[in-house]
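Asks: Starting off with a structure, shown below.
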Amino acid sequence: MAPASRCGFQLLEAHYAFTSEFCNPGQGHEKGLVEGLVGWVRRNILTPVPHADDWEQLNDLLWQRCQDYRQHTPGGRRQTVAAAYEQERPCLLPLPAKPSETCRVQTCRVRPEALVRLDNNHYSVPSRWVGQWVTVKAYPFRVEVWARGKGGPAPALL
């Protein structure tokens, strides 16, 4: 894992109070259960291939397929996935009050044209920020630009 992404992953671990143990590079046999579960999800949740008009509809569809799985009784087990989860639930830590921010963060200086660049896109910011260093937060569906604690969604100029 690259140093920058490792730092972000460590923040995620700290926020949700878990630790990770990675397998050795090139030792696929060390992660057979994980690979098997990925295959199971592909065969049972993502097949047939879900079709949706937008991300919200896709998320709803996948959520429903996961909820349906809760009624499944895995081979060799005596209880459903939902029953096993409810039995284990009291042992789980509660989620933090505030979710972790799932965005890529970078800093950059605002160009003379009142633009900041993220990847191959330029985003317009207030002209009073020209020359200042700003924080750019790239979320899955929006980009925010912040300067000295003020900012928000930024319009893209391609």
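Asks: Excluding same-chain residues fewer than 8 positions from LYS150, which lysines have a Cα within less than 26 Å of its Cα?
Replies: Partners within reach: LYS98, LYS137.
Asks: Next question, about the same structure. Who wins for biggest fluctuation among ASN120, ASN59, ASN44 in a Gaussian network model of the chain, springs between alpha carbons below 10 Å?
Replies: ASN120
Asks: Could you tell me what a quarter of the Cα convex hull surface of the stretch 59-100 works out to, in nm² with one decimal place?
Replies: For the Cα atoms of the stretch 59-100, the hull's average projected area reads 4.3 nm².
Asks: Report which label in [x] 15; [y] 31; [z] 49 holds the value of percent of Cα pairs over 28 Å apart derived from the coordinates of this structure.
Replies: [z]
Asks: Still on this structure, I have one more. How many Å² of accessible area per residue for the chain, probe 1.4 Å?
Replies: Dividing the accessible area of the chain by its residue count gives 78 Å².
Asks: Sticking with this one: Please work out how much length the chain gains when fully extended from SER100 to ASP53, using 0.36 nm per residue of separation minus the C-alpha to C-alpha distance, in nm with one decimal.
Replies: Extra length available between SER100 and ASP53 comes to 14.2 nm.
Asks: Loop by DSSP (not H, G, I, E, B), at most 12 other beta-carbon atoms within 10 Å: where is the longest site-free stretch of the chain for GluC sites (Glu not before Pro)?
Replies: 22-100
Asks: Sticking with this structure for a sec: Leaving out ligands, DNA and RNA, and with a 1.4 Å probe, what % of the accessible surface on the chain is carbon or sulfur?
Replies: That fraction is 56 percent.
Asks: Further, regarding this structure: Rounded to the nearest 10 Å², what accessible area does TRP40 show when all protein chains are kept and the probe is 1.4 Å?
Replies: 70 Å²
The values are calculated or read from the model by the stated rules, or taken from the named source; none is laboratory data. Note that this is a predicted model, so its numbers are computed, not measured. Positions of Cβ are generated from backbone atoms using ideal geometry, with glycine treated the same way; all protein chains shown enter the neighbour counts. Remember, those area values only see protein heavy atoms, side chains included, never the ligands or the DNA or RNA. Shrake-Rupley method; radii C 1.70, N 1.55, O 1.52, S 1.80 Å.
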